[in-house]
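Below: the structure, in C-alpha cells.
Where a number appears in this text, it was derived from the coordinates with a stated rule and is not lab data. Given the structure is predicted, the values throughout are model-derived calculations rather than measurements. Reconstructed Cβ throughout: ideal geometry from the backbone, glycine too, with neighbour counts over all protein chains shown.
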Amino acid sequence: MIARRFIPIVLKQVWRHRTRSLLTIAGVTVAMFLFIAVQALQRGVQKATTTSAADQTLVVYRQNRFCPATSRLPEFYMDRIAKVPGVASVTPMKIVVNNCRASLDVITFRGVPGDDLRAISGKWTILSGSLDIWTARSDSAAVGERLAARRGFKVGDSFDSSGVTVSVAAIFASPEPQDQNVAYTHLAFLQRAAGGGGPGVVTQFTVTVDDPPRAHEVATAIDDLFRTDADPTSTKPEKAFVAQAGQDIVEIVGFTRYLGWGCLAAVLALVANAIVLGVQDRIKEHAVLQTIGFRSGLIARLIVAEGIVIGLVGGSLGTLAAAAMVHFGRFSISAEGMSVNVTADARVMLTGLAVAASVGVLAGLVPAWQASRREIAQCFRAI
Amino acid sequence: MLDYAIRNLGRSPTRLVLSVLGSALVVLLVIAAAGFVRGMSASLDVSGSADNVIILAAGSEESIERSEVESSVPGVLEAALPGIRTRSGVAYVAPQIHVMLPARTPSRSEPRQVMIRGVTPTSFLVHAGARITDGRAPTSGADEIVVGRAAGVTLGVSNTELEPGKSVEIDGRPWTIVGRFAAPGTVLEGEIWADLADLKSATRRDTVSCVIVTLEPDEAEFADADAFTKMRPDLELVAMTEADYYSALAGFFRPIRIVAWVTAGLIGLGGLFGGLNTMYAAFASRVRELGTLQSLGFRRSSIVFSLVLEALLACSAGSLVAAAVGLFALDGLAVRFSMGSFGLLVDGPVIGAGLFAGLLLGFFGSLPPALRCLSLPIPVALKSI
Amino acid sequence: MNRSVTLARIASYSLVVVAGLVGLASPQAVFAQTSRASEPKSKAPALPGGVALAAMPEEAAELGAALATAKVGETVTFRARVPFAKDAFSGDHAAMTVLDDTAAAACCPRDATLMDTCGVAGSMKALVEVADKSGHRLHAKLDGRGGLTHGTEVFVVGTLTSLGGDSPAVVRATGIYVSGPGLPVGFFSAAAPKDATDLSASKAAGTLKKGDRVTVSGVIGGSKDPFVSGRALFTLIGAALKPCNANPDDACKYPWDYCCETKADILANSATIRVSDEKGNPLRAHLKGRRGIQELSPVTITGTVASVEKGSLVIDATSMYVKP
C-alpha cells in the first residue's frame, strides 16, 4: 500500500494533533470494546448451538418441555434406549436449576451415576480437589471452573441452591461449553434432595452414538420407541437442543447484533471525523508535497494509512480490554439449565482487529479521494 | 455572552444539526437503558402484593415453577390459618400451578415458551389488580384459557390472533381463548391462565405449585403463615410474601440491569469522546476570534461560560428531542424477556436521567476544549491561522 | 430584533434551567426502589419522649438479675412485667412500677382484677420513669400508651439512677419495648425439670397423642430459621440427630438446619414448640434472644401435645428451662 519509508510520516501526522488523535483513539477503543463484547457473546452462542457432522451427543428430553423442572422421564427408559441400534452409551441425568429464566448468575446441578461421571470427565482437567473425594461423599459436587470463579467456591466449601446443599469436592476445566458452568452431583443424592419426582425419575438422558453421521436416525428411533408412552421423548443433538431450549438467550444475543453494528458506525464516524479534520488542516501541506513530487495517489494512500493506524490502535486497545474482561469475568448467560459462555477467543480478537483496520480504511477513503483530486493552485489559495 | 452563544450556534447549521442529533442519540440510548431497567423493576415490584402470602415447597423459593405442594394443602391452610380475608363466605385462598410450556398460534410454526398459570376463580380475588376485560374466565373440563393483555408480545403475535374464540396450541394440544385479562404494570399480563384442573390433567400432575392467600391486615400477619409452615413440617412448605418473591426475582435479573446500564454508560462515554473531538476542532478554528474577544476586554471566564453555554444549548435541544422520542415512541413499548414481557417505563425520573446525561455531555464535552483554547497567550492566539 | 433576541434569551435560559433542575433531581429517583410503606399496626397513642423501641433488645436480662449486678449510673437492659396493681402507673407523670417476672406471679390474680398494691421486695422491683433532657419527668401518663397496660411484658433500656434497700430501684428509660401480653408469668423456670426425656426418644416411642403432658429436651434447630419472628414458636430437634458442625469436615454455614440429614430424619426427630393463647394461636412475642436462646441452644420444654399429624408434633409449652 505504502512503502515502509513513509510509515514514519503517517505516524507523525497522527501524533501531530495529539489531543485529537487520543480522543479519537479513546472513542474507537470504547466502541470496539462494546463491539468485541457483542462478538464474544455471539461466538458463545455459535459454539453452544452450531451442530457439526462430528457431534455425537444426543439429548433425550421430555417432549414439549424445556425447563428441567418440567421434564420427568422414568429412569428405566435407559435400558430401552441402550438397545437402540447405534447407541454407544446412555447416561441418565437429573438437572436442577435455581431459576429457569435467563440471567448471568444461575446455579445448575447435574446429577449423574458415579460410574458415568468417570466417562463424562474424560476430557476434564481437575484444577483442585479430586474425583475420589467426589466418589466418597454422597453430597459432593464437582464444580465447573466458571461457576467456581463466579461464586468464589473452593474445595471444601459448602453451598446451597434450590434447597440442595453440597460440598465442593473438585473444581474442573472442560472443553465442553455446557460443563463449565454446572456442578455435578450424585444422581441418587439429587433425586432425594431436590424432590421433583424423587428416585427413579430423571430430567434427560445423554446419549453418545457410535457413528455421528447416523445421529439423526438414532434420534428418530429413540423417539419412535416412546412415542405412545405416557412420557414421550424429543431427542436432538445436544447443540440443537441448546439452541431451542436457550431460545431466550439466542434472542437476546441476536438483539445485541444491532448494538454491534451501531458500534461500528460510531467507529466509522469517529475515525472519519478525525481524518477529515486532519486533512482540512493540511490542504496547503498536501499541495507542497505534490509540488515536490508526491503523487496524488500516494497522498491519498497516506491519508488512508492514517485511518488504519487510528483504527488499529483504538481497535487493539478495545479488543484487548474486552478480551481481558471476558477472560477474567468468565461470564455466562444461562437459561433452562443451558449456558452460553461469553468467549473471546483468537478468532473474535482477530475479527475485531480486521474490522477496526477495515473501518479505518473506509473512513479515510473519501477524504483521501478528495485530497488527491484537488489542484495544487487551489490548495495554496485555501485558508 | 448569551447573545454571542446563540449567534455562534447558527454560524454552522451543519455542525449544529450534527451536535443536536449526536447528543439526541446518546441521550435516547440512556433513556432506553433507564426505561428498560425501570420497566423491569417496576413490573416486578407491582406484581407482588404486600398482603399476599405464597405458600410453596421448601427449596423452591427462587422459582415457583419447581415447587410441588400437595393438593390438600389449600384446605388445610384455610382451616388452620386464622386471619385469611373472606368476602361473602369465600376465602381468599388460591391454589395455582405455574409452568412454562411451549405455545403457538396457527400463524407461527415455532412455539414460544410462555408462563401458563393454572387458576381457580379465587385467583381473581387474590390478584386484585387482574380483571377480565373481554369474555369470561375459563371453565373446568373444556381446555379453555384467558390471555393477558401482553401475551401477544410473549408469543410474538399480534393481539388480533388472541381474541376470544381463537385457539392457541399449548403443549401440543389446542386450547380455546374465552377471555382476556388486564393486570396493569405487572408481569401477569404476559401470561396465559387456564383452569387449574385442566392444567393438572394436561401436565399429568396431582400437585399444585403454590397456594396464594390474602391475609386481613388487622387479623393476621406473615408471621402467622410462617408459623403454620413450621407447625406442619411433614408438608415441607415455606411461606414468603408475594412482594418478597418478586423482589427476589428482581434481584435475579440484577446482573442484566447492570449490563444495560454499563452499555449505556459506555455508549455515552464514546459519545463524549466524539463530542470532545468535535468541540476541539470547532473551538480551535476560532482561536483568533477568541483572542480578539480577550483583547477587547472580555474575561476568559465569560468566554468559557459562553462556549460551554453553546454546547449546553445544543445538547439540551438534543436531549429534549430524545426525551420526546423516548416519551412517545418508547414509553410502554412491550419487551419480551425471558419467558415474560414488560413495558419500558419512560417516566419523570427516566426523562430526568436522560436530560442529566445530555447536560453532562454538553458540559464535559465543551469545558476542556474551551479551557485549552483560552490557555494560549493573546498575541499567540491573534497570530494563529 | 431585540424582541426576538429577548425571546431567544428567555427560551435558552429556561431550557438549560429546566433541564438542569429536572436532571439534578433524577439520579436519586432513577435508583430509588419502589417501596411500600407499611401502615403501623398499632393505633394506640405512642409512648411519650420518643422512647419506643422498634425491636426487642436481645441482651436483656431478667430484672432481678440485672439489678443484682448493676451500679448507679450504669446502663441496664432488662425484661420485667407491669403488675396487676392499681398503683402500677403514676397518675400524672410518665412513670410505672415493674416487677421481676418470678415475683410478678404474686401480683397476677387469675381473674386479672387489680390489687391495690404489690408487696414485693425492692430488689425485684423497679420504678421506670421517662424524663425530658433536663431530667424532669414528663407530664404524661404511660398507661394505655404504646401498648402498655397491667400485665404487659416490657423490655427497658435505661440508666440506673438509684438502687438499694427496700425502695425500688429507679431507672430513667431511654428505650422501652412493649411485648404485649407477652409470655405467661413464670414461663422460664429456674431449675431443670427432673422428668425430662429426649425428644427423639419420645417420638420414636410412637405413643404421643393430643392432650398428653410431656417434658422433652432438645436443641433449637431444624431449618435455616427455626424461630418465627414476632411469634412465640420455634422448632426443636432431639439428640438422635447431630447438627452439621458436629462433623469435623462439614463447613455448613447454618449447622442448625441439619441439611446433612434427610428430611425424613429431621421430621422424625423434631417438634414445633409454641406458646399459645386460649384460641391455640401462637402468642405475638419474639422468643429468640430471651434468656440468651438462639439456634442450637439446649432447652427443656414442659407442655401439652397440641397435635400429632403425619409425623408433625406440636407442643403447647407452659414452661421452658434454658440450660446455662
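Ignoring aspartates and glutamates fewer than eight residues from C:LYS141 along the same chain, the ones with Cα atoms less than 12 angstrom from its Cα are C:ASP92, C:GLU129. Could you state the number of Å between the C-alpha centres of region B:289-332 and region A:318-383? Taking the Cα centre of each part, region A:318-383 and region B:289-332 sit 31 Å apart. Averaging the Cα positions of each part gives two centres, and for region B:34-82 and region A:142-181 these lie 29 Å apart. Summing charges over neighbours of A:ARG43, with a neighbour being any other residue whose Cβ is under 11 Å away from its Cβ, gives +1 when K and R count +1 and D and E count -1.
Principal-axis analysis of the Cα atoms of chain B puts helix B:222-231 at an angle of about 50° to the longest axis.
If you fit an axis through the alpha-carbon atoms of helix A:247-281 and take the longest principal axis of the Cα set of chain A, what angle between them do you get, 0 to 90°, nearest 10? That helix lies at roughly 10 degrees to the long axis. Taking chain A as the region of interest, the number of lysine pairs whose Cα atoms are within less than 27 Å, with members eight or more places apart or on different chains, is 16. May I ask for the angle, rounded to the nearest 10°, between helix B:287-296 and the longest principal axis of chain B, with both axes built from Cα atoms and the value confined to 0 to 90°? For helix B:287-296, the angle is close to 70 degrees. Radius of gyration over Kirkwood radius for region C:48-180, both on Cα atoms: the Rg/Rh ratio is 0.92.
Springs between Cα atoms under 10 Å define the GNM used for chain B, and in it the highest mean-square fluctuation of B:ALA151, B:ALA33, B:ALA260 occurs at B:ALA260. When restricted to Cα atoms, the protein assembly as shown yields an Rg and a Dmax of 36.5, 120 Å, respectively.
Note on B:LYS383, C:LYS203, C:LYS288: ascending count of other Cβ atoms within 10 Å places them as B:LYS383, C:LYS288, C:LYS203, the fewest first. Shielding value for A:15-27 is 4, the average number of Cβ atoms from other chains within 10 Å of each residue's Cβ. Excluding same-chain residues fewer than 8 positions from B:LYS166, which lysines have a Cα within less than 26 Å of its Cα? Within the straight-line limit of under 26 Å, B:LYS166 reaches these lysines: B:LYS200. Of the residues B:SER366, B:SER49, the one with the fewest other Cβ atoms within 10 Å heads the list, and the complete ranking is B:SER49, B:SER366. Summing charges over neighbours of B:PHE305, with a neighbour being any other residue whose Cβ is under 14 Å away from its Cβ, gives 0 when K and R count +1 and D and E count -1. Build a GNM of chain A with springs between Cα atoms under 10 Å: which of A:LEU289, A:LEU268, A:LEU117 gets the top mean-square fluctuation? Fluctuation is largest for A:LEU289. For A:GLU306, the shell of other residues with beta-carbons less than 11 Å away shows a net charge of +4, using +1 for Lys and Arg and -1 for Asp and Glu.
Would you work out if chain A is rounded, prolate or oblate? Take a ≥ b ≥ c from the square roots of the eigenvalues of the alpha-carbon gyration tensor; rounded if a/c is under 1.5, else prolate when a/b is larger than b/c, oblate otherwise. In terms of gyration-tensor shape, prolate. Taking a ≥ b ≥ c as the square roots of the eigenvalues of the alpha carbon gyration tensor, region C:124-180 is oblate, as a/c is not under 1.5 and a/b does not beat b/c. Between the C-alpha center of region B:211-234 and that of region C:255-324 there is a gap of 17 Å. Computed from Cα atoms alone, the Kirkwood hydrodynamic radius reported for chain B is 24.4 Å. For the options B:ARG117, B:ARG205, B:ARG336, a Gaussian network treatment of chain B with springs between C-alpha atoms closer than 10 Å singles out B:ARG205 as fluctuating the most. Excluding same-chain neighbours fewer than eight residues apart, the lysines reachable from B:LYS230 by a Cα-Cα span under 25 Å are C:LYS41, C:LYS203, C:LYS209, C:LYS210, C:LYS224, C:LYS242, C:LYS253, C:LYS263, C:LYS279, C:LYS288, C:LYS310, C:LYS323.
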